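Report on one structure; see the data block that follows.
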Amino acid sequence: MQLPVSFTERMQRLLGPDEYTRFLEALQQTPPVSIRLNKTKAEATMGLQPVPWAEAGFYLPQRPLFTLDPAIHTGAYYVQEASSMFVEQALRQAINLEEPLQVLDLCGAPGGKSTHLASLISQDSLLVSNEVIRSRANILAENVAKWGSGNVLVTSNDPRDFGRLPSFFDVMVVDAPCSGEGMFRKDPQAVGEWSEENVNLCAQRQQRILMDVWEALKPGGVLIYSTCTWNEQENEQNIAWLSEQEGAESIKLQLQPDWGMLATQFKGVEGYRFYPHRVQGEGFFMAVVRKAGSEEAVSHGKSRKKKYKLTAAGKKERALVENWLLEPEKYIFLQHGEVISALPANLFEAADEVYQNLYVIYAGTELAEIKGKKLKPLQGLALSQHLHKDAFQVADLDLERALRYLRKEDISLGTNGNNWLLLQYKGLPLGWAKQIGNRLNNYYPKEWRIRMELPAELPDESLVIR
């Protein structure tokens with residue numbers, strides 16, 4: 001790996017000669033592979049090594065062909081880099097996760113941190129997961145739907161748009177676009193794209209992003225800032241700059257000695273650096289700050305009668321779908337166009353505020369699409385953590401049929417009927433099919449389908465979970 005000279009000089013200064021040698025050796029090694037389980041859907045295979053700072057994180061001994069494991073398509077786990085799972089420690093140590101929270105994941109795609117946040121916050125909390133690039137926002141919405149927590153709104157907005165929600169969020173996670181030095185081992189192309197000029201441009205863009213969203217954080221709220229790079233401009237210097245500009249208070253996290261990350265301090269700001277020779281993971285930086293003031297000091301002006309943007313589904317439509325979810329009394333059923341969705345009832349006001357001010361592309365759990373006088377169940381329902389499976393006829397698929405279903409191919413069960421079937425693999429719902437006589441119509445979303453050809457010999461069925 002031919003590293004840029006200025007990068008090499010800086011890393012030697014940061015690490016010292018002996019540690020820099022170990023750092024270089026680590027960059028030549030095969031990157032570790034880690035996953036994070038969706039504990040509402042799956043348990044880990046015995047014997048997997050845990051990621052020590054993430055309760056549901058595990059290392060795999062080698063990288064399997066994830067595409068050919070149906071479990072990943074059900075949202076049973078997410079392939080996530082271990083260092084980035086450290087966001088869990090920031091939340092657990094700086095925030096009371098038992099309280100109802102309004103949380104923003106500003107740069108959410110493809111969905112690792114968003115699905116992680118959804119697993120950590122309570123069902124009474126609202127997560128707004130945002131991605132400015134529309135194509136990436138659609139991927140984010142897919143992964144959020146697969147995770148199935150049901151209390152997430154996926155938006156596609158520029159950071160400056162969040163100024164329309166002043167003092168709205170209790171927690172913000174800003175995993176800022178960066179120069180990507182921490183990805184050099186996994187992505188050699190990142191080395192060729194690196195330059196000092198790009199570092200400076202990234203640092204300036206990160207400052208703009210932080211200032212654009214800062215107003216939307218409540219006084220007393222917590223900002224978790226991270227990058228996958230090592231230079232000071234994009235990390236410690238940026239957070240010190242924010243603290244100087246806004247009087248933010250740095251939050252110190254407690255580390256276990258065997259975790260391996262390096263704690264830093266710059267102008268009173270605590271930071272946490274992840275180096276591949278110290279940590280079983282890729283390059284990463286995190287800092288946590290609290291906004292000055294208290295929520296009680298916020299005035300929202302005079303109360304007035306509000307005109308809601310969200311529309312409740314009619315009684316007839318609700319009656320058709322409410323038994324599709326466990327504990328339906330906890331939900332409000334909404335209709336947007338021809339789509340009926342469900343959202344925890346206590347989140348309605350906050351969700352409507354988001355709809356009033358941002359562009360929402362996915363919300364809660366999409367249950368059904370109205371087709372004339374009939375309803376077509378939607379993929380979000382099949383993958384929901386709150387699905388009431390007993391409301392449907394269920395059919396189990398073996399590995400080959402499951403993969404062919406996920407390729408959106410025709411499959412046969414050798415049965416007859418005229419009803420909707422919930423297809424599942426090892427007890428994990430995959431999606432819907434409509435049985436018409438002895439024919440089965442495949443309703444797996446076209447844009448989600450597996451595109452690779454299936455090999456002549458399929459892999460071991462227990463790639464990650466049993």
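The values are calculated or read from the model by the stated rules, or taken from the named source; none is laboratory data. Remember, it's a predicted structure, so these values are computed and weren't measured experimentally. A quick note on method: Cβ atoms are made from the backbone with ideal geometry, for glycine too, and the neighbour counts reach across all protein chains shown. Heads up: the accessible areas ignore ligands, DNA and RNA and are worked out on the full protein's heavy atoms, side chains in. Shrake-Rupley method; radii C 1.70, N 1.55, O 1.52, S 1.80 Å.
Can you list the strands (runs of 3 or more DSSP E) found entirely within segment 404-466 that contain at least 1 residues being among the hydroxyl-bearing types (Ser, Thr, Tyr)?
On the way: elements: 417-425, 428-437, 439-442.
Qualifying strands (runs of 3 or more DSSP E): 417-425.
Scan segment 135-167 for residues that are over 24 Å from Tyr77 (Cα atoms) and either without any contact (Cβ under 8 Å) to a residue 60 or more places away in the chain or open to solvent by 20 Å² or more (accessible area, probe 1.4 Å) (or both) and report the count.
Counting residues in segment 135-167 that are over 24 Å from Tyr77 (Cα atoms) and either without any contact (Cβ under 8 Å) to a residue 60 or more places away in the chain or open to solvent by 20 Å² or more (accessible area, probe 1.4 Å) (or both) gives 8.
Given the condition open to solvent by 40 Å² or more (accessible area, probe 1.4 Å), under 31 Å from the mean Cα position of the chain (by Cα) and under 29 Å from Gln254 (Cα atoms), answer yes or no: does some residue in segment 9-17 qualify?
no
Here are Glu215, Glu236, Glu193: which of them is surrounded by fewer than 22 Cβ atoms within 10 Å (Cβ to Cβ) and without any contact (Cβ under 8 Å) to a residue 24 or more places away in the chain?
When all the criteria are applied, what remains is Glu193.
Might you check whether a residue that is in contact with a Pro (Cβ under 9 Å, 6 or more places away or on another chain), open to solvent by less than 10 Å² (accessible area, probe 1.4 Å) and not hydrophobic (A, V, I, L, M, F, W, C) occurs anywhere in segment 98-120?
Looking through segment 98-120, none of the residues is in contact with a Pro (Cβ under 9 Å, 6 or more places away or on another chain), open to solvent by less than 10 Å² (accessible area, probe 1.4 Å) and not hydrophobic (A, V, I, L, M, F, W, C).
When you scan segment 366-390, how many residues do you find that are of a type in the set (Gly, Ala, Ser) and surrounded by fewer than 16 Cβ atoms within 10 Å (Cβ to Cβ)?
So the count comes out to 1.
Select from segment 314-365 the residues that are over 16 Å from Leu127 (Cβ atoms), surrounded by 15 or more Cβ atoms within 10 Å (Cβ to Cβ) and among the acidic types (Asp, Glu) and list them in ascending order.
Glu317, Glu322
Going residue by residue through segment 421-428, is there one that turns out to be small (Gly, Ala, Ser) and over 22 Å from the mean Cα position of the chain (by Cα)?
yes
Which residue is nearest to the chain's Cα centre (by Cα), if the candidates are limited to segment 26-83 and must be acidic (Asp, Glu) and open to solvent by 10 Å² or more (accessible area, probe 1.4 Å)?
So, considering only residues that are acidic (Asp, Glu) and open to solvent by 10 Å² or more (accessible area, probe 1.4 Å), the one nearest to the chain's Cα centre (by Cα) is Glu81.
Quick check on this structure: which one of Asp410, Asp396 is free of Cβ contacts under 8 Å to residues at least 40 places away in the same chain and closer than 30 Å to Pro328 by Cβ?
Only one candidate qualifies: Asp396.
Is one or more of the residues making up segment 168-176 open to solvent by 10 Å² or more (accessible area, probe 1.4 Å), modelled with pLDDT of 95 or more and of a type outside the set (D, E, K, R)?
Yes, that holds for at least one residue.
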